[in-house]
Amino acid sequence: MSFEQDMAAEGEPEAEFNPGIAARLPSKRVAAGALFRDGQGRILMVEPAYKPTLEIPGGVVEADEPPLDACVREVWEELGLDLTIGRLLVVDWKPRHGVWGDIISFIFDGGVLTEDEIAAIKLQPDELRAVHRLAIADIAERVRPSMHRRIAQADEAARSGETIYLQFSRRV
């Protein structure tokens, strides 16, 4: 079934019992990214042009966009690669920090990229400066501590076959 068919099957949305309550409910940011590894087990990290720390390929989930679809779209937009993205590795909740509200991040398994796939990467020049392949230990000094924990947990999930729920990048 398509999303449209599923939505039609849901029927009419329920009315607000207290008018305006929906607008007062909190909203969360959602992000989705892919954990890619090379043949030596190093993690593929991108260097954004707009911030000082590295990231995994991915980005913000748009309104009414499923996180997996957002991940596929972001990988295409950022790297120019049309890849099948695998299973969910990690769901992580991160609290408000400064002007940024809390966020839920999904990390999916991008798999192991071949040297030919890595060579075919076409970075989006207005968004990304470079791509790096780094061991988990080498990532620590180039990301925030929570991102390092999240990536390490995603790498563990990829190797173990489990899916891990995190809060501020720590197992609950």
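The values are calculated or read from the model by the stated rules, or taken from the named source; none is laboratory data. None of the values given here were measured: they were computed from a predicted structure. When we count neighbours, we look across all protein chains shown, and the Cβ atoms used for this are built from the backbone with ideal geometry, even at glycine. Just the protein is used for accessible areas: all its heavy atoms, side chains included, with ligands, DNA and RNA removed. Shrake-Rupley method; radii C 1.70, N 1.55, O 1.52, S 1.80 Å.
Think of the chain as a dipole: +1 on every Lys or Arg Cβ, -1 on every Asp or Glu Cβ, centred on the Cα centre; then among I121, P48, L25, P48 lies furthest on the positive end.
Ranked from largest to smallest solvent-accessible area, with a 1.4 Å probe on the protein heavy atoms, D92, D126 come out as D126, D92. Computed extension length for A8-K28: 4.7 nm, one decimal, from 0.36 nm per residue of separation with the Cα-Cα distance subtracted. Between E117 and V172, the C-beta separation translates, for a Förster distance of 22 Å, into a calculated FRET efficiency of about 0.05. The heavy atoms of R42 present about 80 square angstrom of accessible area, all protein chains included, probe 1.4 Å.
In a fully extended conformation the segment linking Q40 and E16 would gain 3.2 nm over its present Cα-Cα distance, using 0.36 nm per residue. Heavy-atom accessible surface of W93, to the nearest 10 Å², is about 80 Å², with a 1.4 Å probe and all protein chains retained. Kirkwood radius, region 73-148, all distinct C-alpha pairs, inverse of mean reciprocal distance: 14.7 Å.
Taking Cα centroids, how far is region 110-172 from region 1-68 in Å? What the calculation gives is 18 Å, centre to centre. Modelled label positions at D64 and W100, each set 7 Å beyond Cα in the direction of Cβ, lie 2.8 nm from each other. Ranking F3, F17, F168 from most to least accessible surface, computed with a 1.4 Å probe over the protein chains only, gives F17, F3, F168.
Taking the chain as a Gaussian network of alpha-carbon nodes connected by springs under 10 Å, the highest mean-square fluctuation of the residues R150, R159, R73 belongs to R159.
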